[in-house]
Every structure is written in C-alpha cells, then in structure tokens.
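Structure first, then comments.
The values are calculated or read from the model by the stated rules, or taken from the named source; none is laboratory data. This one's a predicted model, so the numbers in the text were calculated from it and none came from an experiment. Here the Cβ positions follow ideal geometry from the backbone for every residue, glycine too, while neighbour counts run over all protein chains shown. Accessible surface is based on the protein model in full, side chains and every heavy atom, while ligands, DNA and RNA are left aside. Shrake-Rupley method; radii C 1.70, N 1.55, O 1.52, S 1.80 Å.
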Amino acid sequence: MTEHLNHFIAGTGVEASDGRRIALVNPVTEQVYGSCARGTAEDVDRAVAAAQRQLEHGAWRQLDGAQRGRLLVKLADLVERDTDVLADLDADAIGRSPLEPRRLDVPNAVANLRAAAGWANQLEGRTIPTGGYFGTKTLSYTVREPVGVVGAIVPWNSPLMITVWKLAALLAAGCTVVIKPSEETPQSALHLAALAQEAGFPDGVINVVTGYGAEVGRALCEHPHVAKISFTGSPEAGREIQRTAGVLFKHVALELGGKSPQIVFDDAPFDDALRGCALGLFANQGQVCAAGSRILVQRGIAERFAAALAEAARAVKVGDPREPGVQMGPVAKKAQFDRVNRYIQLGIDQGATLLAGGVSTPERGWFVRPTIFANANNEMAIARDEIFGPVGTVITFDSEEEAVALANDSTYGLAATVWTTDLARAHRVAAAVKVGAVGVNCWSPLDANLPWGGVKTSGIGREGGFGGAMAYTEEKVITVLLPT
Ligand code: NAD
C-alpha cells in the first residue's frame, strides 16, 4: 500500500510549503511504502497560527474544564474503537508485532485520555493569606491558566502512546498544540488528529506537522508563539532543544534516554525475575526508554541467572512480526541496526563474555539477534551507553551497598527494578536509587495516574498523573484590595 501523508493544520490535510517529501521505509522488507510531507518553518508558522487563534479567540477558549473533559472522553472512546487500526499503524511503521501496542500502547493511551478528562475540571487555584497592602486588607487567590501553544516533539519507538501522554494532559489544561511526530512514524499522530476532529475538537486545537527534527522541530523551538516544548527523545536532541528553546525562556520538559538497572538479589523469585528481565530487555526489540539493560545480579545466583537469561534470549523467535509465532521483529531503521551491532562488537572487544546473540550480518530487514553479555563491568560501553536494542549486560555484585552504588553509577536516572523477597531491602533500595521510577518485583509499570520521567541525563519534568496536567498551566495570582 502506498501512503501519501500530509500535515494536518487547522483541520485540513496540507502539503509542505515547498512540496518536498520524506520516504517511509518498511524495516522488514526495506521497501519504500509511502511518504510524508517534509515540513518547513513556514508550515510550522501556519500550524502555530492556527493553534494560537484557537487559544486566544476560538471556540476552544470558551470551553470550561468539564466541556474539555467531555471531548477527551469522546476521543478516548474513538481511540478505543480504532485500537487495531492504531496498533497496526505503529507496529508496521517500525516492524514491531502489533500485539504489543494492542495490549499496552493503545489501552494506555485510552486510559490517559480518560484520566485527563477528569483532571480538566480539577485544575484549581488557591486562596493565600497575606499581610495586606499598606495597612488595608486584601484577598489573594490564584488561578491556573493554560501555558499556551505547545510544541510536542515525539520519537518513533511508541509513537501513539507518547503523543497521547502529552496531548491528554495539555488538552486538559486548555492548551493547543502542534505535534511533530518522528519522521519515521507520522501515521498514528495523523490518525489521532482525525479522530479528535471526529470527536468535536475545534479545528486548530490539534495540528500535526511532519518532518525532520532539524527543520520542523527546530522551527517549533524557535517560534515566538510556542510557549512550551514537550520533548521525548534522545539526550543529544534534548540538549539542543534546551539550548534553543531555553534561551527564549520557553518551558521545556524533556523525557530522555536511560540505562536502567534491574537489580536481582539472590533471594529474588528466580523465575519471575528472569521473565521480568527478559521482558525489560526484549520488549519492542529493546527500543524502550526504560529498557532494563543493566542486569545487576548477586554473586550467589549470577552464573545460573545469566545462563537462564541467555537461554531465554536464544528462545526468542526473530522474524517478520506478521508471521505467527514470531516474537521479535527487526530494529526500526538502518542507523539503529548499525548502532546496535557497533555496541555488540564493542562489548566483545572490551572483554565481556558473549553468552547469546552477537553481531548480526545485514540481510533483508534490520534483524538483530537478542544478545546477552556476562562477566561485564560497569565501565564498559555496553554498561554505560543507551544502546536502544535487544542487548543485555549482566554485572555481578556482592552486597546491597555495592548494588546501589553500581545502579547509581550512571549518567542516566530514568527507572530501576528491584527483584527481592526481602520487603525491608526492597524499600531501602527503592529509596537509595537515583531514578524517576522504581519497580519492585515488576519491570516498568505504566499507569495513567502515575508520574513518569527521569533525573540526570534522563530528563527534566514529569508526564502523567495529575501533576502532568498541572505542568501545562501557569499559576496567576490576583490580589484585591478590601477597604473596610
Ligand atoms: P531523537 O532525539 O532522534 O528524535 C526524537 C524526536 O525529536 C523526533 O521527532 C526528531 O525528529 C526530533 N528531533 C531530533 N533532533 C531535534 C532537534 N535538534 N530539535 C528538535 N527536534 C528534534 O530520538 P529517537 O531516536 O526518535 O528516539 C529514541 C530516544 O528517545 C532514546 O534515547 C529513548 O530513550 C528516548 N525515549 C525516551 C522516553 C522517555 O519517556 N523518557 C520514551 C521513549 C523514547
């Protein structure tokens, strides 16, 4: 099927201002299957103007929280109705099995929209006691106002879910948006925008401009009428966005990468920990920000655990995710294929023991074998850098203190998992690890009511939960003189 995708601006599909396009490539067959508009600064300007009009003078501005909530509920219902369509769009674009988005990404998106529908009517201000004004009493209260037009910049690994994390919260807060999906995966954002139109959102509230980060993304960061950039992606791009948008005093929220530790103590429920570690390594071909790619295992069970993990890696059936029984597709793009293989070679060169998988030779499709290294140390590149592929690095530790030190010896701080049956230890370690989210005996639980985000190189700010919606508001204080 040939897809010809355009921007969605003010409720209408439009070509790029200069007519240029980006080819879309299937990672299983390496065939071009369509194209999307290659957005320009002029396109961004048009989309921001549409969003700005709705924010300042449009029907959207007239809606109260309860009315915005009703629209969000309708959108949630339509997303749920189109679960299979949306799951297929995201899966096919990156060569992932549609079962994962069907079970996780789309239901999570629906839950986020429904949760945000409730928050839309709860973004309350405060009344604040003060000392008065030159001897006269005053009443001071605050209101929560939408921060403004938001630029939402999204990666390719879970496009729908990450788009909705931003969209649900910012709509609850009364903002309008220009979404810039990844140049590899624009499909589900465009479908979502069409569903929002069907739900009754006024045209111009939600706009999508497709294209490259250096062009569309940058133009959003530089645009004088974009008040906030909400970015999910790599630390490299995050740094540049902070430089561009930060100096213009825009709000910037950054959800970046990770090198998340899974800490397996020798009293852990062995089989559960094994399943959890395998899931954390191989879900979405390891292309997950919270991938538990540093497996820290206590010495007593380290050898047995690493061998079992290697066995689990060898058992994963890799191939065309549309074929029955296949559990893992290719990585999403050629650059990713080269990157993952480069790190596997580095692991071998730096002296880690390769227990399963290894460097893959390019065939048709960017398939990488699930790979497990043992006898690694925390200084190796495979332990320090985010690989974003199905590669696990097993590192042995002796004491709880050492496990925590290893877990924290990382530039990243997104998530961590603790596997143990010792309740006191679970709480001690959860308190000691410097990350945004900890799973105890479960890898990376996601829920619409929970905040998500990292510390250090993993980012700034939180998405999700009530706080996620509040992050799209400004607090304004109003003081009224009360002469007696
Ligand atoms: P990326 O940084 O290359 O691109 C992400 C998005 O930013 C894309 O839409 C891209 O076009 C755009 N972009 C790139 N450079 C830009 C620039 N200079 N200015 C503005 N926009 C720019 O990341 P990716 O390869 O698409 O995604 C993988 C990364 O995303 C990994 O590091 C992963 O850990 C991270 N990620 C984080 C989370 C999280 O919640 N913390 C979730 C998913 C992915």
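Using a simple spin-label model with points 7 Å from Cα along the Cα→Cβ vector, what separation in nm is obtained for Glu30 and Arg239?
The modelled label-to-label distance comes out at 3.2 nm.
Read phi for every residue in the stretch 444-458 and hand back ³J(HN,Hα) as whole Hz from Karplus 6.51 cos²θ - 1.76 cosθ + 1.60, θ = phi - 60°, with x for Gly and Pro.
Computed from phi, the couplings for the stretch 444-458 are 6, x, 10, 8, 4, 8, 9, x, 9, x, x, 10, 6, 6, 7 Hz.
Pull up all non-local amide H partners of Gly439: gap of 5 or more, or a different chain, and H-to-H distance under 5 Å with H placed in the peptide plane.
Those qualifying (amide H under 5 Å, at least 5 residues apart or on another chain) are Ala416, Thr417, Val418, Ser444.
Can you give the FRET efficiency for Glu198 and Arg61, using 1/(1 + (r/R0)^6), R0 = 22 Å, r = Cβ-Cβ distance, to the nearest 0.05?
Plugging the Cβ-Cβ distance into 1/(1 + (r/R0)^6) gives 0.55.
Nearest 500 deg cm²/dmol is fine: what mean residue ellipticity at 222 nm does the chain get from its DSSP H runs of n ≥ 4 alone, each adding -39,500 (n - 2.57), divided by its residue count?
Numbers: 16 runs with 182 residues, N = 484.
Calculated at 222 nm, the ellipticity per residue is -11500 deg cm²/dmol.
I need the calculated FRET efficiency for the pair Asp349 and Lys137, taking r as the beta carbon distance and R₀ as 51 Å, to the nearest 0.05. If you can, show how the numbers build up before the last one.
On the way: r = 74 Å, r/R0 = 1.44.
Taking R0 as 51 Å, the efficiency between Asp349 and Lys137 is 0.10.
Ile478 to Glu80: extension gain in nm, 0.36 nm per residue of separation minus the Cα-Cα distance?
139.2 nm
Which shape class, rounded, prolate or oblate, goes with the stretch 75-157 when its Cα gyration tensor gives a ≥ b ≥ c as root eigenvalues, a/c under 1.5 marks rounded, and past that a/b bigger than b/c marks prolate?
Prolate, because a/c is 1.5 or more and a/b exceeds b/c.
Which net charge results for the neighbourhood of Ser35, defined as the other residues with beta-carbon distances under 9 angstrom from its beta-carbon, given Lys and Arg at +1 and Asp and Glu at -1?
Once positives and negatives cancel, what remains is +1.
Express in whole angstrom the spacing between the alpha-carbon centres of the stretch 235-277 and the stretch 421-435.
18
At 7 Å along the Cα-to-beta-carbon direction for both Ala214 and Asp18, put a label point, then send me their distance in nm to one decimal.
So the two model labels end up 1.3 nm from each other.
Take the Cα gyration tensor of the stretch 261-434, multiply each eigenvalue by 5, square-root it, and list the three semi-axes largest first, rounded to whole angstrom. All intermediate terms of the calculation are to be shown ahead of the outcome.
Details: eigenvalues 144, 55, 41 Å².
Equivalent-ellipsoid dimensions as semi-axes: 27, 17, 14 Å.
Using packing as a proxy for protection, rank 423-433, 284-294, 264-274 so that the peptide with the highest average count of other Cβ atoms within 10 Å comes first.
Put in order of decreasing packing, that is 284-294, 264-274, 423-433.
Averaging over all projection directions, find the projected area of the Cα convex hull of the chain and quote it in nm² with one decimal place.
The directionally averaged projection comes out at 24.9 nm².
Would you mind computing Rg(Cα) / (2.2 N^0.38 Å) for the stretch 220-318, counting N as its residues?
1.53
Any idea what diffusion coefficient the stretch 127-227 gets from Stokes-Einstein, in µm²/s, Kirkwood Rh on alpha carbon pairs, 20 °C, 1.002 mPa s? Can you show the working numbers first?
Values: Rh = 15.4 Å.
Reported coefficient: 139 µm²/s.
Tell me whether the stretch 186-231 comes out rounded, prolate or oblate; compute the Cα gyration tensor, take square roots of the eigenvalues as a ≥ b ≥ c, and use a/c under 1.5 as the rounded threshold.
Oblate.
Give me the percent of the accessible area of the chain that comes from carbon and sulfur atoms, probe 1.4 Å, all protein chains in place.
53
In the neighborhood of Ser97, defined by Cβ-to-Cβ distances under 15 Å, what is the net charge if each Lys or Arg adds +1 and each Asp or Glu adds -1?
Details: positive: Arg96, Arg102, Arg103, Lys317, Arg322; negative: Asp84, Asp88, Asp90, Asp92, Glu100, Asp105, Asp320, Glu323.
Residues close to Ser97 contribute a combined charge of -3.
Rounded to the nearest 20 Debye, what is the dipole magnitude of the stretch 63-202 about its Cα centre when Lys and Arg each give +1 and Asp and Glu each give -1 at the C-beta?
720
For Asp320, project a label point 7 Å along Cα to C-beta. Then give me every residue of the stretch 340-380 with its amide nitrogen under 12 Å of that point.
Those under the cut-off are 365.
On average, how much accessible surface per residue is there in the chain, in Å², for a 1.4 Å probe, leaving out ligands, DNA and RNA?
41
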